[in-house]
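> Would you mind keeping the following structure in view while I ask a few things?
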């Protein structure tokens, strides 16, 4: 039997006990004023036995490791974890030393092969090209009356004797438009002047 009076108008023995438990037994009826609570139940919204205890979820335990609120774990940053594209312990100092030695060795080998090819091509070209020079004919101009330079006189004498390099040196060492220059240009009268070719490239040295 329950009392229809509101709680604030009921006598002290009909007031609910601490924590929402029923008050004392009615002395007239020998019953609780609000009825005997069922086993494992409490009045006034208290959780029944079997409800989740402290720290549990009321609607089922979520998957282990997944938070109940907020973005999923794969979208949350992990403190201390490296970001995508970065190294966890800093960027490496560079390629391994063995790789550097290998690259350096191949580079040196490539340069040596290239030099060998160039030298071989030059030597092959020289061997394939015949010597186009001809034997120096007899000089037709005596080395006299060219000037008063002793050093140039010696070069003119050597040119007359068949040293083609001396003829070229005389041409370059003498003054412009001088007798010495013309003597060296004609290779001691062996050709006409103004040929624009070195004597040593046209004639071989005379015996």
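The values are calculated or read from the model by the stated rules, or taken from the named source; none is laboratory data. Because the structure is a prediction, the values reported are computed rather than measured. Please note: Cβ atoms are built from the backbone with ideal geometry, for glycine as well, and neighbour counts cover all protein chains shown.
> Give the residue that is modelled with the highest pLDDT, with candidates limited to residues of the range 180-201 that are closer than 16 Å to residue 140 by Cβ and surrounded by fewer than 17 Cβ atoms within 10 Å (Cβ to Cβ).
Residue satisfying both the conditions and the ranking: 192.
> Taking only pairs six or more apart or across chains, which ones have beta-carbon atoms under 6 Å, a first residue in the range 123-145 that is outside the structural domain of residue 159 (by TED's automatic domain parsing), and a second residue that is surrounded by 10 or more Cβ atoms within 10 Å (Cβ to Cβ) and at pLDDT below 90?
Close Cβ pairs (under 6 Å, with a partner that is surrounded by 10 or more Cβ atoms within 10 Å (Cβ to Cβ) and at pLDDT below 90) amount to 136/206.
> Return the total of residues in the range 166-190 being within 13 Å of residue 152 (Cα to Cα) and in contact with a strand residue (DSSP E or B) (Cβ under 7 Å, 6 or more places away or on another chain).
Of the residues in the range 166-190, 0 are within 13 Å of residue 152 (Cα to Cα) and in contact with a strand residue (DSSP E or B) (Cβ under 7 Å, 6 or more places away or on another chain).
> Which of (1) at pLDDT 95 or above; (2) touching a helix residue (DSSP H, G or I) at 6+ places or on another chain (Cβ under 8 Å) does residue 205 not meet, given it meets every other one?
(1)
> Of the residues in the range 150-177, how many are crowded, with 16+ Cβ neighbours inside 10 Å and part of a loop (DSSP other than H, G, I, E, B)?
Going through the range 150-177 one residue at a time, the tally reaches 3.
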